[in-house]
Every structure is written in structure tokens, then in C-alpha cells.
Amino acid sequence: MQLLGSDNNGTIDVQHLNKVILSGISAIIWVIRLHGELMLTSPEIVTWLQERTTLGILSSEVLNAMPAAIEETVIPAGKNLVTEGISPKALYILVNGQIESDNVCGFLPGAVIHLKEILLDELTPFTITTLTECHLWVIPRAKFQDLVSQYPEISQALSRLLAQELAQLASALTYEQERSLALRPYLVTKAQRGIVGTSRYAVKLREQIRKATHDKKSVVIFGEPGLDKDNIAALIHYSSPQRRQPIVKLNCGILQHSGADLFGRAGGKPGLLEWLGAGTLILNNIQELPTELLPSLIQGSNAIL
């Protein structure tokens, strides 16, 4: 059967037809084809919203009302979807593609953009740019506000979401405070000096440091006492992609043979390696490291020995 507004293959022309009303079916079913890919019908849109977005906390009644308000759009790569500091024109739902803002690393498919700003009548907090061609569902601001007026549940759901975000932030803050306290006695705050000079030794050492900064493998630094081995380790760390992560120094001679200070105890507080995360561990006097700890330490750390 050839549909009204379609070509001979039954493909709907989005430019001329947005809805197809099928005879004998009371509901409007959206059938839209973008770049050769058949998009979702209204029931499928509702299921997608339930499973992939924060809007899934809404009742089925509210979600079933949304497809009629949704407009579909494709934004090319390298375009500003949203500009900072303006009143948002629409609620955006990312279906596929990659977008990022100037203070958020990126948005995953299912991201709902401007829910809070529209409900609280706030300005857009940042500029959002498409990294790839992006397929979005768009609910114009006026249509979304009509939904909010019709379904107060939407505003109530935002209050719950904000409460959850606040609880998550409080939990993250508590964790960071505990982490800072645990790592503070061992922190190496910065490199004291660079490698100066034009001798073969200085040139070779600078090159070795440069190579080590781009390699996540452990590094062994040899040298007599007083040769600033700790400073070389700090130069490697603070020149590496992990420079925003902590770097700590441990004297292997005082480590417990059980490894509790490094790996923690079952049911107890985390060990130093867990607090360290993606940071860098300097093991001073590696020859004094209890041998039974070496396999676990190599497996679980990014160490400079």
C-alpha cells in the first residue's frame, strides 16, 4: 500500500508529511523516515522514554501525551544546539549522536536537556555543540509548558530529581573529603625543579621523562641518594594526562606485610590504592617492599618505583 505523501516505495517525505493517520486506528501513529532509517511509532517513543531517559519516572498517562508534542530534527556536526545565557526555546532529548558543552564532558543518548531551566524559568547555563550529526526529539517550550499545566506531576518529578542530585552531590563531597584526609600525609604537591643543562645525561633524562609521561606502565628510577628521584617521579606525573589526579609517596620499609594499608581490610575502610584511584604511587626504597605484596601491587597500581 502506498501512503499519502510517500514515494513509490512507501517512504514518507518528512518535508511534506509529519503524521500519517491510518484508517480504522483512532490513535495518531507517527511514521517518520530520516536518512533512510524508519523512526519510532508513538508507543515505541513512550517505551524509549521510559527506558532511556529521566522522564521514565513519569506516569504512563503523561508519557503517552508526549509523542504528539515531539518534533524530530537532525543537527549537523559542529553546530551550536544551544547558546549560553538565553531563555531555552525547547526541551531537547538526544536520541543518537554526540554533543558536549563547555563545562560538561558529553551527553549520552537519552539525555534530557533544559528540563530544569524551562520548569524554573532559568537561562541556559552553557553552550551545547554537536560533535557528530545528531538526531534529537524536540518539544517546543510552549508545548512543554502546556503539558506541565495539564500534568502537575511533571513539576513534582523535577523536585524529586533535584533532591536526588543534591543527595548525590552531598555523597560525592563526603567521599572527596574522606579521600583528601586519607591521602594528605602522603601527597607530593608538585615537582621542585625541572631538568636543566645541555649535557648528554640531561638531554637523555628529559627524553626518558617525556616518553614516560605518555606511557601508563610502571617506571623504575635508579640513582644514588640525593639525586632527586622523587622530583623526577613528580615531573613524570605532572607532565602526564593523569596530572589532575593525586600523586602519593610511600616508604616501602613501613608497609604492613598484610597489605592492609594499601588494599584495605574486608569490611573495613578502603586502602590507600582505592583512595588513590587513577593517580600515581611512588614506592620509595622498593627493595624493602614485602615480597608477598608485589603481585597484587603490580596488578592494581600505576606505580613509579
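Could you check the stretch 193-232 and list, in sequence order, the residues that are in contact with a helix residue (DSSP H, G or I) (Cβ under 6 Å, 6 or more places away or on another chain) and over 22 Å from C252 (Cβ atoms)?
Selection gives I195, I209, T213.
Output the residues belonging to the stretch 60-84 that are open to solvent by less than 40 Å² (accessible area, probe 1.4 Å) and either at pLDDT 90 or above or touching a Leu at 6+ places or on another chain (Cβ under 8 Å) (or both).
Let us first name the residues in the stretch 60-84 that are open to solvent by less than 40 Å² (accessible area, probe 1.4 Å), namely 62-63, 65-67, 69-70, 75, 81-82.
Within the stretch 60-84, V62, L63, A65, M66, P67, A69, I70, I75, L81 qualify.
Say we look at the stretch 174-198 and pick out the residues that are farther than 11 Å from I247 by Cα and among the charged types (D, E, K, R); which of these is least open to solvent (accessible area, probe 1.4 Å)?
R179
Can you spot a residue in the stretch 248-257 that is small (G, A, S), in a helix (DSSP H, G or I) and over 26 Å from the mean Cα position of the chain (by Cα)?
First, the residues of the stretch 248-257 that are small (G, A, S): 253.
Next, only the ones that are in a helix (DSSP H, G or I) stay: 253.
Remaining after also requiring over 26 Å from the mean Cα position of the chain (by Cα): 253.
So far as the stretch 248-257 goes, yes, one or more of its residues are small (G, A, S), in a helix (DSSP H, G or I) and over 26 Å from the mean Cα position of the chain (by Cα).
With respect to K211, is the statement that it is part of a helix (DSSP H, G or I) and either modelled with pLDDT of 80 or more or under 30 Å from L173 (Cβ atoms) (or both) true? Let's see the steps before the verdict.
Details: part of a helix (DSSP H, G or I): yes; either modelled with pLDDT of 80 or more or under 30 Å from L173 (Cβ atoms) (or both): yes.
Considered against the rule, which asks whether it is part of a helix (DSSP H, G or I) and either modelled with pLDDT of 80 or more or under 30 Å from L173 (Cβ atoms) (or both), K211 comes out as yes.
Could you name every one of the helices (runs of 4 or more DSSP H) located completely within the stretch 41-124 that has at least 1 residues being within 18 Å of Q156 (Cβ to Cβ), among the acidic types (D, E) and over 19 Å from the mean Cα position of the chain (by Cα)? First the steps, then the outcome.
On the way: elements: 42-52, 60-65, 115-119.
Those helices (runs of 4 or more DSSP H) span 60-65, 115-119.
For E100, are the conditions met, namely being acidic (D, E) and modelled with pLDDT of 90 or more? Can you show your working first?
On the way: acidic (D, E): yes; modelled with pLDDT of 90 or more: no.
The answer is no for E100.
Which numbered condition trips up T189, out of (1) touching a Pro at 6+ places or on another chain (Cβ under 6 Å); (2) in a loop (DSSP other than H, G, I, E, B)?
Against the list (1) touching a Pro at 6+ places or on another chain (Cβ under 6 Å); (2) in a loop (DSSP other than H, G, I, E, B), T189 comes up short only on (1).
Restricting to the stretch 199-225, what's the tally of residues that are touching a residue at least 40 places away in the same chain (Cβ under 8 Å) and either open to solvent by less than 100 Å² (accessible area, probe 1.4 Å) or over 34 Å from the mean Cα position of the chain (by Cα) (or both)?
4
Inspect the stretch 259-269 for any residue being open to solvent by less than 70 Å² (accessible area, probe 1.4 Å) and in contact with a strand residue (DSSP E or B) (Cβ under 7 Å, 6 or more places away or on another chain) and give the result as yes or no. Steps first, please.
Pass one, the stretch 259-269, residues open to solvent by less than 70 Å² (accessible area, probe 1.4 Å): 259-262, 264, 268.
From what is left, the residues that are in contact with a strand residue (DSSP E or B) (Cβ under 7 Å, 6 or more places away or on another chain) are none.
Looking through the stretch 259-269, none of the residues is open to solvent by less than 70 Å² (accessible area, probe 1.4 Å) and in contact with a strand residue (DSSP E or B) (Cβ under 7 Å, 6 or more places away or on another chain).
Being part of a helix (DSSP H, G or I), touching a residue at least 24 places away in the same chain (Cβ under 8 Å), surrounded by 12 or more Cβ atoms within 10 Å (Cβ to Cβ) and among the β-branched types (V, I, T) narrows it down to one residue among V148, V138; which is it?
Answer to the selection: V148.
Can you pull out the residues in the stretch 258-305 that are within 20 Å of L235 (Cβ to Cβ), at pLDDT 80 or above, under 31 Å from the mean Cα position of the chain (by Cα) and not aliphatic (A, V, I, L, M)?
Within the stretch 258-305, G279, T280 meet the criteria.
The values are calculated or read from the model by the stated rules, or taken from the named source; none is laboratory data. For clarity, every value in this text was computed on a predicted model and none was experimentally measured. Here the Cβ is made from the backbone with ideal geometry for all residues, glycine too, and neighbour counts use every protein chain on show. To get the accessible areas, we keep the full protein, side chains included, count just its heavy atoms, and leave off ligands, DNA and RNA. Shrake-Rupley method; radii C 1.70, N 1.55, O 1.52, S 1.80 Å.
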